[in-house]
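Colleague: Please see the structure below; I have some questions.
The values are calculated or read from the model by the stated rules, or taken from the named source; none is laboratory data. None of the values given here were measured: they were computed from a predicted structure. Using ideal geometry, Cβ is built from the backbone for each residue, glycine included, and neighbour counts are taken over all protein chains shown.
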Amino acid sequence: MSIILLYNLLTVILFPFYIIILLIRAIKGKENIRSLRSRFTLYSTKRNREKLIWIHAASVGESMIAINLVNQLKKKYQNTDFLITTGTLSSANLINKWLPPGVYHEFTPLDNIFTIRKFYQYWRPTVGIFVESDIWPVLVTFGAKKCKLILLNGRLSDKSFQIWQKFPKIFKLLTDSFSYIGVQSKVDLEKYQSLGCNKAENLGNIKFSNQELEVNKKELAYLQELFKDRKIFVAASTHEEDEAVLLDIIYQFKEEKIDKFYPIIILRHPERASYVGLMCNKLGLKYSLRSHKTKNNILKNDLYIVNSFGEVGLFYSLAEIAFIGGSFKMKSRIAGHNLLEPAYFENVIIVGPNMGNFQNITNEMLENKACIQINTSEELKNQILFFMEDKNQKICQEYSDNAKKYVKSKQKILGNYLQQIDIFFND
């Protein structure tokens, strides 16, 4: 019995358990009625045109790539439908905020032969584009029989690579389902090739092609006036480990009466706001929540917690220093987040010790003096203090200028990926 047949059999046997898991996720707020219907391929919308380009993006970062790709592809293929599938409510909220008109969005279907067969029969994609590495066995192997599949911006973290080294035949089976694979770095290319995948090509990281984040100009003008006498520090996409470090530093600054410093923490998962609020209460820190929409008392409190989606660009616009969250999560698959986004906003970019998911980018930016990496909370505190000093503004400007030059120099990568999509769409 082949591996895929065995996997198909297991997914059928375990189907009742999937239902229980999804119900538990729904109780925890990680699923809703729409996502559950979508996962079971109970669709209510129908495609209109003969051809459809489908883009699959696992989470928030990949969703931004998907939106950018759709915006570019719609210009060229005006008589084509577009579908984006994502895996989480967080990514769905982001997608729905920036979804271009006429583009469909659904959640990733259960990786079961029955739901996957219905997915392909319903949408009938001409081309399926997978972003990065969210490869489900049935979704990919069955899909290869129905349309051309492309893997863009492929990558393998060190942890994933170690796991796949134990199962190289399965890795080759899955990657053979793709008509084309474009990976994001030379290191990733070497990993793919060592696992038996010979069709991969290094095209660079497509996240370089993400456009500057959207900003509400009216809201920006208001906040700029509000914070005009403060130096803004933004910590974006934070997790618990980051917040423990950051809140301790904010507490120290409060005790040391460093008045011009004002911190803004943007939660990776907004639903954690109440938990972070409890952390603040334990330290005696007063905070304002973005969701409360009360702006009059913001400066009277010690920090501002942003628990909303799609506003990162707004707060990067206010910041002088940006810290990238997820980078204090040691020995975790969450090894840092996108450090390219703040580069457009003239921020000094600081990252923590674990940037494994963006290691190649981090290394290049460090070489170009486009970001700073710290290893401890004490180093982070010292770097914030250094760049908050007026006398160090020349160095501050140097780092922010270098970051902007670096990200601008990589824009041609998008054209390379679009060219590959064009080849298989018209094949």
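Colleague: Give the residues of the stretch 29-56 that are modelled with pLDDT under 90 and under 22 Å from the mean Cα position of the chain (by Cα), sorted by residue number.
Modeller: Within the stretch 29-56, 29, 30 qualify.
Colleague: Collect the residues in the stretch 2-33 that are in a helix (DSSP H, G or I) and under 30 Å from residue 270 (Cβ atoms), keeping them in residue-number order.
Modeller: 17, 18, 19, 20, 21, 22, 23, 24, 25, 26, 27, 33
Colleague: Residues in the stretch 354-362: is at least one at pLDDT 90 or above, closer than 26 Å to residue 160 by Cα and assigned by TED's automatic domain parsing to the domain that holds residue 163?
Modeller: no
Colleague: State the number of residues belonging to the stretch 170-210 that are farther than 18 Å from residue 140 by Cβ and assigned to a loop (DSSP other than H, G, I, E, B).
Modeller: 6
Colleague: For the stretch 333-385, give me each residue that is free of Cβ contacts under 8 Å to residues at least 24 places away in the same chain, part of a loop (DSSP other than H, G, I, E, B) and not β-branched (Val, Ile, Thr).
Modeller: 375
Colleague: A follow-up question, please. Just to verify a result, which residue in the stretch 328-376, among those that are polar (S, T, N, Q) and farther than 19 Å from residue 245 by Cα, is nearest to the chain's Cα centre (by Cα)?
Modeller: Checking each candidate, the answer is 338.
Colleague: Name the single residue that is surrounded by the fewest Cβ atoms within 10 Å (Cβ to Cβ) among those in the stretch 36-58 being without any contact (Cβ under 8 Å) to a residue 60 or more places away in the chain and closer than 22 Å to residue 24 by Cα.
Modeller: Checking each candidate, the answer is 42.
Colleague: Here's a follow-up. Looking only at residues in the stretch 100-131 that are farther than 17 Å from residue 425 by Cβ and hydrophobic (A, V, I, L, M, F, W, C), which one is surrounded by the fewest Cβ atoms within 10 Å (Cβ to Cβ)?
Modeller: 114
Colleague: Is it fair to say residue 418 is over 26 Å from residue 324 (Cβ atoms), assigned to a helix (DSSP H, G or I), under 21 Å from the mean Cα position of the chain (by Cα) and not acidic (Asp, Glu)?
Modeller: yes
Colleague: Taking the stretch 95-110, which residues are touching a residue at least 60 places away in the same chain (Cβ under 8 Å) and within 18 Å of residue 129 (Cβ to Cβ)?
Modeller: 98, 106, 107, 108, 109 - these are the residues of the stretch 95-110 that are touching a residue at least 60 places away in the same chain (Cβ under 8 Å) and within 18 Å of residue 129 (Cβ to Cβ).
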